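The values are calculated or read from the model by the stated rules, or taken from the named source; none is laboratory data. The structure displayed is predicted, hence computed values, not measured ones. Please note: Cβ atoms are built from the backbone with ideal geometry, for glycine as well, and neighbour counts cover all protein chains shown.
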Amino acid sequence: MRSLSILGFLFYLALPIHLRAQEIYPNTLTNANFLDSVNIKRYKYFIGHSRIKIEINRITGIASFYSTNLTGTLTATGEIFKNKNLTAACNLFKLNTLVRVTNLRNGAYVVVRINDRMHPNMLKKGRVIDLSQAAAKKLILNTKGIVKVTVEAIGYSKITPKA
């Protein structure tokens with residue numbers, strides 16, 4: 001009897017921990033919540049619910065890219081914006097969150113850091129993230145400059161990812 005319970009306990013320990021975590025958080029890459037709940041409450045009237053889908057650490061909507069004339073301006077984190085960096089603006093994730101942006105048409109993805117905020121009216125149009133020119137090139141945006149994407153939180157960093 002006792003050997004059976006010991007075997008059961010050893011079997012439980014042998015299970016990979018990530019399987020148990022995936023049962024708790026099935027739709028996320030991380031178990032920490034990187035969504036900015038204060039801004040989500042603030043902008044709930046701006047969010048076009050038919051165009052934007054919000055889950056834990058995952059948002060589906062439309063991505064656009066920064067204009068070239070914004071180079072050299074200050075971002076919400078206080079740094080100077082450069083279009084060659086892999087950064088983005090988003091109102092729904094906390095600042096300095098690393099996110100993976102995936103193009104839903106072709107599967108291309110890019111990892112960017114959220115270092116700025118968008119205008120709230122962009123949410124009315126279904127736009128959830130505004131990418132730098134470098135990130136948009138990696139994501140292969142269409143000629144209109146917008147594409148349907150999924151944005152997933154990966155972690156937190158004050159360092160911008162390298163190309």
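For region 33-43: of the residues being surrounded by 12 or more Cβ atoms within 10 Å (Cβ to Cβ) and under 10 Å from Lys94 (Cβ atoms), which is modelled with the highest pLDDT?
First, pick out the residues of region 33-43 that are surrounded by 12 or more Cβ atoms within 10 Å (Cβ to Cβ): 33-36, 39-40, 42-43.
Applying the additional criterion that residues be under 10 Å from Lys94 (Cβ atoms) yields 33-36, 39.
Details: Asn33: 73, Phe34: 76, Leu35: 79, Asp36: 74, Asn39: 74.
The qualifying residue modelled with the highest pLDDT is Leu35.
Exactly one of these conditions fails for Arg51: (1) within 17 Å of Ala135 (Cβ to Cβ); (2) modelled with pLDDT under 85; (3) surrounded by fewer than 18 Cβ atoms within 10 Å (Cβ to Cβ). Give me its number.
The single condition Arg51 does not satisfy is (1).
So which residues in region 64-111 are surrounded by fewer than 17 Cβ atoms within 10 Å (Cβ to Cβ) and small (Gly, Ala, Ser)?
Once the filter is applied, which keeps residues that are surrounded by fewer than 17 Cβ atoms within 10 Å (Cβ to Cβ) and small (Gly, Ala, Ser), region 64-111 yields Ser67, Gly72, Ala76, Gly78, Gly107, Ala108.
Identify, by number, the condition in (1) closer than 15 Å to Asn39 by Cβ; (2) polar (S, T, N, Q); (3) at pLDDT below 90 that Thr97 doesn't meet.
Just one mismatch for Thr97, condition (3).
Tell me, please, whether a residue that is under 18 Å from Ile154 (Cβ atoms) and over 16 Å from the mean Cα position of the chain (by Cα) can be found in region 47-69.
There is no residue in region 47-69 that is under 18 Å from Ile154 (Cβ atoms) and over 16 Å from the mean Cα position of the chain (by Cα).
Output the number of residues of region 59-80 satisfying the condition of being in contact (Cβ under 8 Å) with a residue 40 or more places away in the chain and within 20 Å of Lys138 (Cβ to Cβ).
The total comes to 10.
Pro120 passes all but one of (1) surrounded by fewer than 19 Cβ atoms within 10 Å (Cβ to Cβ); (2) in contact with a Pro (Cβ under 8 Å, 6 or more places away or on another chain); which number fails?
(2)
Which condition breaks for Val110 when tested against (1) outside any loop (DSSP other than H, G, I, E, B); (2) touching a residue at least 40 places away in the same chain (Cβ under 8 Å); (3) not charged (D, E, K, R)?
(2)
Can you confirm whether region 141-153 contains a residue that is of a type outside the set (A, V, I, L, M, F, W, C) and closer than 14 Å to Phe34 by Cβ?
Yes - at least one qualifying residue is present in region 141-153.
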